[in-house]
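The values are calculated or read from the model by the stated rules, or taken from the named source; none is laboratory data. Note that this is a predicted model, so its numbers are computed, not measured. Backbone-built Cβ (ideal geometry, glycine too); neighbour counts: all protein chains shown. Accessible surface is based on the protein model in full, side chains and every heavy atom, while ligands, DNA and RNA are left aside. Shrake-Rupley method; radii C 1.70, N 1.55, O 1.52, S 1.80 Å.
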Amino acid sequence: MTNDTPQHKKKNPARLHEQLLEAASIIAARSGIASLSLNAVAQEAGVSKGGLLHHFPGKQALIHALYERLLATMEKNILALMSLDPEPYGRFTRTYLIYLAGLNGTDESRQLAVLSLAMPDENVLRKCWRDWMLKHLANGDELDNSPTGTLVRYAADGLWLSELTEGPTLPPQHRQALVDRLCAMTYRQADKMAE
């Protein structure tokens, strides 16, 4: 006996959730966080606005989920870099520097930029970032929680932000020397000399 009725695809909520976040990411990267409307995301994802609202009850929830997704990607990439670093002392700060220095021109960098630039107006994003950093510092070591560690991380942030807003302004050799010098500051002997 054959069944002539069309097969109905079973809905996959996790896949739809990811599809909506991907659509939001595309819109935010293309046009900025201000243009991230629920209608635009639903249209980009090819779903109804009601389908979107089932997953995200409002724009703030969508932005928060987008940022959490980006932090999860960062976490995965930073942990992968940390696993390759044989020196435990200063590992988080060193890896953070290497990670940000390597982001230049990537989709991840653009997404981080869009969401970071929204932080002054979005309390929940600031809290997410602060909690993420404080978690790493709580698990960090003496260097990670020292003025030297803070200096290296702030310099990494500055290098990334400078290239994001101004484009490359340093010759490649100068940039690499800067990253190398900052990286050298994260090792035990260099940190003791800085005191």
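For R94, the test of being basic (K, R) and in the same structural domain as R153 (by the TED database) is passed.
Scan S116, S146 and give me the residue that is more than 29 Å from L20 (Cα to Cα) and among the hydroxyl-bearing types (S, T, Y).
Details: S116 fails: more than 29 Å from L20 (Cα to Cα).
Exactly one residue qualifies, and that residue is S146.
Scanning segment 78-94 for residues that are touching a Ser or Thr at 6+ places or on another chain (Cβ under 9 Å) and not hydrophobic (A, V, I, L, M, F, W, C) returns D85, E87, Y89, G90, R91, T93, R94. Taking segment 143-186 as the range and being modelled with pLDDT of 95 or more, open to solvent by 40 Å² or more (accessible area, probe 1.4 Å) and outside any helix (DSSP H, G or I) as the test, the residues that pass are N145, M185.
Taken over segment 39-69, the residue count meeting the criterion of being closer than 19 Å to R15 by Cβ and in a helix (DSSP H, G or I) is 18.
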